[in-house]
Amino acid sequence: MSEEWRLPVTEEASYQPRGFWLTRPEQELAWATRRAGEEARAPRQSANGTPSGTFLARAGDLARAQWFLWVWATLVAWERLERPSAEVTTRPFLPPPSRRALVMGTVAAELYVGYAALRERGRWWPGLVRPEDWELAHRRGALRLLDTAEALGGP
């Protein structure tokens, strides 16, 4: 693996000793681990004073968001691994699969399913959706879009 593929990581970004090198895909997975912890912290912090049914619904939202986060992280790592190689396919009439399109499709599906779940839960069980739930969904979606833009970067 060439040296341009490896980036130095600070102690803050990794639990490894100073000077440890991670590949870009490894960095994306390490970042996803940190993001998973941050996303799990928000529903836990809002648990005080929240009815148990609402907290349980937020835990379900968190589980769905975590699943999409790890699918996203896997696709981004895959896209990073494939980026430097210009692989030629043997299928003359079919274009190669776009890894970036898969990443963007995953983000779009997460945003749609997240908002649709909140909307339907509010329709069927109005007491289980509070303004904080919408705020959590907006924050999670905005961060995921920002993370996707940063991860996919340039060509």
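A short reminder: the numbers here are calculations on the coordinates, not readings from a lab. Please read all numbers here as calculations on a predicted model, not as lab measurements. Because the Cβ atoms are built from the backbone with ideal geometry, glycine has one as well, and the counts that use them run over all protein chains shown.
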Net charge of Cβ neighbours under 14 Å - reference residue 54; Lys, Arg +1; Asp, Glu -1: 0
Under 19 Å from the residue 108 label point (7 Å along Cα→beta-carbon), backbone N, the range 132-151: 141-151
Theoretical FRET efficiency, 1/(1+(r/R0)^6), r = Cβ-Cβ of residue 41 and residue 82, R0 30 Å, to 0.05: 0.40
Phi to ³J(HN,Hα) by Karplus 6.51 cos²θ - 1.76 cosθ + 1.60 over the range 131-138, Hz, x for Gly, Pro: x, 5, 5, 5, 4, 4, 5, 5
